[in-house]
Amino acid sequence: MVAATSLEQEREEQRCWRLRPEHAELQVFDRLLVNEFQDPAVLARQQDAALAGLLAFAAAEVPYYGALFEARRLPARPREGRAALRRLPLLGKQELQENLAALRARRLPEGHRLYAWSSSSGTTGRPARVLHAVESNAMYNFLEQRQLRWFRWDPMGLRADIRIATQFPHVKGTPRPAAGSHFRAERWRYVGHFFETGDYAGICVTAPLDEQLTWLRDLRPDLLMAYPSTLERLAYQLGPAAGALGLRGLYAISEQMAAVMRRRIEGSFGLPVDQTYGFNEIGKVAQRCRAGRYHVNVEHCVVEILDAEGAACKAGQTGRIVVTALRNPAMPLLRYDSGDLAEAVDGPCPCGRTLPSFGPIAGRYRRMALTPEGTSLQVFVLKKSLESMPPEINANLRQYQIRQRSDGSYVILLRVAGPLPPAFEAWLRRSWEQELTGARPALALEEVEAIPLSPSGKVEDFISDYAAARAAAGEDG
């Protein structure tokens, strides 16, 4: 049973977070806190007002939506918010890719500025690019503190990250950390800009597992952020001895986590695993409370859980996660289909917060714990190569799946809309040969009509026949 929190308890927790002198007057973090316990009807009215303004702006300043509103005879200045939103079709990743220029606003509202482009992870297909405004990027930083407060992380603790090297911060004009490298800074990433924090350290996820373990034992961090597949590998290696690392918080990022993974990690480390949900096209969508629900960041986005016919799911049903960004006038994404699935819920959450929420995510997740040493690096190289291809090479790619066969070799299943040029395979093989030293597993490419779905109804970016065989033999715990 989860103990409910309250506005007073969260305010007390907020006092642990000391703003740096140059940001001492910022009120945004306190406003976010109050919203967590706001009357749901008040939150709904606030979202309706924000949506009405966003829809009017999109109809007037975004060519894609201007044409859509005209074709569907929708009012250019809707009085309603969510009701008007539901009259729009879903926007898929392919539509985003094909209408990139038309989805960009002709101008920004007064006082807004452009920030930068970001790309989706390209989990099972060609990455999608989105242009963000400064406000959209700022919300990422603000919401980072909300989730860490929920996780009860001590901001003065030593935080460690295990992730790909390109995701470590770096100073302009200096080389980015290389694959396999270590990183150290005097403040935490993102929240350290606003708050006093402890040190921040990182190691690349492609470093050998033994090196990661030695690094953790020497560093003795208080808090660890890593991919679920990385945490599971550590749990398998350490078993009950994981508690000896002295960690006080675990945060799983990017990938989704199967129930069997959560049980093993939490059982090994003796700690709950905290998670959030989001993606680069939108930002931070929701964070998981200790009761197991994902609470939506209503200040940043609107979330719908929809069935196959596009209707709102009833409680207990699983449907598509569809998200509308509220804070990005540079390229508004209305009813963006995330490609993930989640369970719809209703009623108050046992955690005590009133933000709207959804249940478990039936998304993609990777099982690396039962794969051979080196698999993480090999999959990383293939994904990086696929995602960094020039558009003229991968224009016909629609979906892919990296599959590790039971003998350790690889095949990449490709669903395409037309012929792939010879440069596609040449690009992949060049990366495979240049970035992997020593003996490399065999690599094949295979074009298919459809890529098999997982039991959750998803296309997973990586599956391993090798791991499946070990699991079937009873090694999955």
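The values are calculated or read from the model by the stated rules, or taken from the named source; none is laboratory data. Keep in mind that what you see is a predicted model, and the values were worked out from it rather than measured. As a convention, Cβ positions derive from the backbone with ideal geometry for all residues, glycine included, and neighbour counts pool all protein chains shown. With ligands, DNA and RNA removed, areas are computed over all heavy atoms of the protein, side chains included. Shrake-Rupley method; radii C 1.70, N 1.55, O 1.52, S 1.80 Å.
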Cα to Cα, under 12 Å, and not fewer than 8 places away if on the same chain: which aspartates and glutamates meet these conditions relative to Lys384? Glu435
Under the Karplus relation 6.51 cos²θ - 1.76 cosθ + 1.60, θ = phi - 60°, what is the ordered set of whole-Hz ³J(HN,Hα) values for the stretch 433-450, x standing for Gly and Pro? 7, 7, 9, 10, 9, x, 5, 10, x, 5, 10, 10, 10, 9, 7, 10, 5, 8
Using the Karplus equation 6.51 cos²θ - 1.76 cosθ + 1.60 (θ = phi - 60°), what ³J(HN,Hα) coupling, rounded to whole Hz, does each residue of the stretch 242-247 give in order, writing x for Gly and Pro? 4, x, 5, 5, x, 5
Students often check this: by mean Cβ neighbours within 10 Å, which of 38-51, 17-30 ranks highest, and how do the rest follow? 38-51, 17-30
Between Ala24 and Ser406, 0.36 nm times their residue separation minus their Cα-Cα distance comes to what? 131.8 nm
Sorted by chain and then number, the residues having a modelled amide H within less than 5 Å of the amide H of Leu445, at least 5 places away or on another chain, are Ile412
Hey, can you rank 101-113, 318-330, 198-210 by average C-beta count inside 10 Å, highest first? 318-330, 198-210, 101-113
With a 1.4 Å probe and all protein chains left in place, how much of the accessible area of the chain comes from carbon and sulfur atoms, in whole percent? 50 percent
Excluding ligands, DNA and RNA, what is the solvent-accessible area per residue of the chain at a probe of 1.4 Å, expressed in Å²? 44 Å²
Return the sequence-ordered ³J(HN,Hα) values of the stretch 138-151 in whole Hz as given by the Karplus equation 6.51 cos²θ - 1.76 cosθ + 1.60 applied to θ = phi - 60°, using x for Gly and Pro. 4, 4, 4, 5, 5, 6, 4, 5, 4, 5, 5, 5, 4, 6
Could you pull out every residue, at least 5 positions away or on a different chain, whose amide H is within less than 5 Å of the one on Asp274? Hs are placed 1.01 Å off N in the peptide plane, and Pro or chain starts have none. Leu250, Tyr251, Ala252
Would you grab the residues whose amide H sits under 5 Å from the one on Gln399? Only those 5+ places off in sequence or on another chain, please, with H modelled 1.01 Å from N. Arg415
Which order do the peptides 402-415, 267-280, 427-440 come out in when sorted by mean C-beta neighbours inside 10 angstrom, highest first? 267-280, 402-415, 427-440
Additional length obtainable on full extension of the chain from Asp346 to Gln9, 0.36 nm per residue less Cα span: 118.9 nm
